[in-house]
Amino acid sequence: MDQIKRIQQMEEALNRSAEAVKALSEALEQYEAAQSAYRKLCRYYGSSQWMRDFMADEAGKLPADLKRGVLSEDAVYDLLTDNRELTVRLLKTITETVKNA
């Protein structure tokens, strides 16, 4: 490979990597900021309060226009599953990155 082409490829690698690091850092900041709300949701889901809210919804006691995804069971469960899979993926990526650094 000639010198000019190699430098161009490495410049592209630098720019792509820098953009990815910045994007991940911003996403991680958002994720970290949401952890308090996430923990609160985890405590609520499956609690006796959640069950009372669920039963009220089933009995038609809640306003029809109230957003109630949190009472659907699937939405919260899917979030918990997605979050777990994401953390496992992050751990694998971090392990590989540290190993190869």
Please report, ordered by residue number, the helices (runs of 4 or more DSSP H) entirely within the chain with at least 3 residues that are free of Cβ contacts under 8 Å to residues at least 24 places away in the same chain and within 22 Å of the chain's Cα centre (by Cα). 3-44, 74-99
Failed condition for D74, given (1) closer than 30 Å to I94 by Cα; (2) modelled with pLDDT of 95 or more; (3) of a type in the set (D, E): (2)
Residues in region 57-95 that are loosely packed, with under 13 Cβ neighbours inside 10 Å and either over 25 Å from Q35 (Cα atoms) or in contact with a strand residue (DSSP E or B) (Cβ under 6 Å, 6 or more places away or on another chain) (or both) total 7
Going by the conditions given, is S17 surrounded by 10 or more Cβ atoms within 10 Å (Cβ to Cβ) and of a type in the set (G, A, S)? yes
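The values are calculated or read from the model by the stated rules, or taken from the named source; none is laboratory data. Keep in mind that this is a model prediction, so the values were computed, not measured. Glycine also receives a Cβ, built like all others from the backbone with ideal geometry; neighbour counts cover every protein chain displayed.
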